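Read the structure below first, then the notes.
What follows is calculated from the coordinates using simple rules that are stated; it is not laboratory data. What you see is a predicted model; the values in this text were computed from it and never measured. No Cβ is skipped: glycine too gets one built from the backbone with ideal geometry, and neighbour counts run over all protein chains shown.
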Amino acid sequence: MRIKAVFAALVLALIPATAPAVASAAANPYERGPAPTAASVEASRGTFAVTQAAIPRQSNFGGGTIYTPTSNLTFGAVAISPGFTATQSSVAHFGPRLASYGFVVVTINTLSGWDDPDSRGRQLLAALDYAVRTNPRVDATRLAVMGHSMGGGGALRASVSRPALQASIPLAGWHTTKNWSTVGVPTLVLGGQNDPTAPNSQHSLPFYTSMTAAPDKAFLELRGGDHSDPRSDNVTVRKYTLSWLKRFVDDDLRYDQFLCPAPAPNTLISAYRDTCPHA
């Protein structure tokens, strides 16, 4: 009997240690995938298998490709626009990668390569609406936008038009509007240090500084980067775009460690500004 009593006491002693972990998992039903590591956030693929399907041209956006994790779960969705005169091929690498970490991703073609940023913003939202309407894996309450150059300007406009978005990531964003004080969406602005097309001093920095209503925001400048580098498939872009989407679309606090405290300038990042702490 004494042995049973001792065993019972040991079991009871262990319950407080394990209960918080169970409660934490139950508190966030949107976590997808294993706990991140320094290596995993820079890897080329996550743990989900991915399917893809072509989207035919629509009346309100130019079609594209939808990437879906192979799972019975639901996922947040991200729509991504290319820049001026470009097609979805310029941002295609984001599709399978982000989907493999637990997002439904739509890389879009625009109705015309000449479409201005505001048109691209409307098309990003149309692509999200298409994904919600046609893909049962999409959680309609957890949506985000990304875009390169004029597509980045489109992401900003989409954020103003639809404040219920969970995250926005303009990549070397270009827009004639410089004041985005009405953006109320957590926004990560990526720029290249040596961008001749959308210089940070005229675009990304004014965008970032003006976002006084954004609940969270960050500005990341790629050291030596040109106009194309913020949408390139490199480890810095991989790490911060994934972490931002995980943190704000999935409410996944496990990714806070990669965003806050803000990274100091290094061989890859020439400047970083942030509104830490996110939590």
Quiz prompt | Subset of the range 57-68 (residues that are over 16 Å from Val145 (Cβ atoms) and either part of a loop (DSSP other than H, G, I, E, B) or among the small types (Gly, Ala, Ser) (or both)) | solution = Arg57, Gln58, Ser59, Gly63
Exercise. May I ask you to list the residues in the range 131-155 that are surrounded by fewer than 22 Cβ atoms within 10 Å (Cβ to Cβ), out of contact with any strand residue (DSSP E or B) (no Cβ under 7 Å at 6 or more places or on another chain) and assigned to a helix (DSSP H, G or I)?
Key: Arg133, Thr134
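Among the residues of the range 258-271, is any in contact with a helix residue (DSSP H, G or I) (Cβ under 7 Å, 6 or more places away or on another chain) and assigned to a loop (DSSP other than H, G, I, E, B)? Give the derivation first.
Within the range 258-271, the subset in contact with a helix residue (DSSP H, G or I) (Cβ under 7 Å, 6 or more places away or on another chain) is 258-259, 268-269.
Filter again for assigned to a loop (DSSP other than H, G, I, E, B), leaving 259, 268.
Looking through the range 258-271, at least one residue is in contact with a helix residue (DSSP H, G or I) (Cβ under 7 Å, 6 or more places away or on another chain) and assigned to a loop (DSSP other than H, G, I, E, B).
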Exercise. Identify the single condition in (1) without any contact (Cβ under 8 Å) to a residue 24 or more places away in the chain; (2) under 26 Å from Leu143 (Cβ atoms) that Ser201 does not satisfy, given that it satisfies every other one.
Key: (2)
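Residues in the range 211-250 that are of a type in the set (A, V, I, L, M) and surrounded by fewer than 20 Cβ atoms within 10 Å (Cβ to Cβ): how many?
At the first step, the residues of the range 211-250 found to be of a type in the set (A, V, I, L, M) are 211, 213-214, 218, 220, 222, 235, 237, 242, 245, 249.
Checking the rest, the ones that are also surrounded by fewer than 20 Cβ atoms within 10 Å (Cβ to Cβ) come to 213, 235.
Selection size over the range 211-250: 2.
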Self-check item: Condition met for Ser71 (surrounded by fewer than 24 Cβ atoms within 10 Å (Cβ to Cβ), in a helix (DSSP H, G or I) and over 15 Å from the mean Cα position of the chain (by Cα))
Solution: no
Quiz item: Which residues, taken from the range 38-56, are surrounded by 11 or more Cβ atoms within 10 Å (Cβ to Cβ) and outside any strand (DSSP E or B)?
Solution: Ser40, Val41, Glu42, Ala43, Ser44, Arg45, Gly46, Thr47, Phe48, Ala49
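Can we say Met211 is within 15 Å of Ile80 (Cβ to Cβ), more than 17 Å from the chain's Cα centre (by Cα) and among the aliphatic types (A, V, I, L, M)? Let's see the steps before the verdict.
Numbers: within 15 Å of Ile80 (Cβ to Cβ): no; more than 17 Å from the chain's Cα centre (by Cα): yes; among the aliphatic types (A, V, I, L, M): yes.
So Met211 does not fit the description; no.
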